[in-house]
Amino acid sequence: QVQLVESGGGLVQPGGSLRLSCAASGNIFSIYTMGWYRQAPGKQRELVATTTGGGRTVYADSVKGRFTISRDNAKNTVYLQMSSLKPEDTAVYYCTIWATNQYWGQGLQVTVSS
């Protein structure tokens, strides 16, 4: 079994920052790509950012320059540093990893509001 434990969501004012974390545990031999998706009310889940084992990163255009994804391979953990947050960033954020299969976290609510 593989578990993804997410932390760091919450309520923040526009222009503020949050850091999301996601730790993977269980029967994992190697993790290839790690990433974050989000789903706003009434919208489809969309990619936010991914990072490969070699450190290559991909970002959605809407978050480039504001969000930074990073990973600690020794801890099987991926982070998402979010800055200059906007109300349109409000969504449930999901951690995902690609190992032998793709796995998803339970989701974290991030609300950007004054």
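The values are calculated or read from the model by the stated rules, or taken from the named source; none is laboratory data. What you see is a predicted model, and the numbers here were worked out from it, not measured in a lab. Here Cβ is always computed from backbone atoms with ideal geometry, including for glycine, and neighbour counts include all displayed protein chains. The protein model used for the area step is the full one, side chains on, heavy atoms only, and it has no ligands, DNA or RNA in it. Shrake-Rupley method; radii C 1.70, N 1.55, O 1.52, S 1.80 Å.
See the values below:
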item	result
Accessible area expressed per residue, the range 9-114, with surrounding protein chains retained (probe 1.4 Å, Å²)	53
DSSP loop chymotrypsin sites (Phe, Trp or Tyr not before Pro) with at most 15 other Cβ within 10 Å: longest gap in the chain	33-114
Spatial separation of Cα centroids for the range 79-114 and the range 1-44, in angstrom	5
Whole-Hz couplings from phi, Karplus 6.51/-1.76/1.60, listed for the range 103-114; x for Gly and Pro	10, 10, x, 7, x, 10, 7, 10, 10, 10, 7, 8
Built amide H within the under 5 Å cut-off of VAL48, gap 5+	TRP36, TYR37, ARG38
Summed side-chain charge close to CYS95 - residues other than CYS95 whose Cβ falls under 14 Å, Lys, Arg +1, Asp, Glu -1	+3
Solvent-accessible area, 1.4 Å probe, carbon plus sulfur percent, for the chain	47
When the range 30-96 is reduced to its Cα atoms, the Kirkwood hydrodynamic radius in Å	12.3
Rule-of-thumb Rg ratio for the range 70-114 [Cα; 2.2 N^0.38 Å; N residues]	1.38
Normalised contact order of the range 8-80, rounded percent, pairs of Cα under 8 Å and 6 or more residues apart	31
Student exercise, the chain dipole from Lys, Arg, Asp, Glu Cβ charges, in Debye to nearest 20	120
Measure of compaction for the chain (Cα Rg per 2.2 N^0.38 Å)	1.01
Vicinal HN-Hα couplings computed from phi for the range 16-30 (Karplus, 6.51 cos²θ - 1.76 cosθ + 1.60; Hz; Gly/Pro x)	x, 10, 8, 10, 9, 10, 8, 10, 9, 8, x, 7, 10, 8, 7
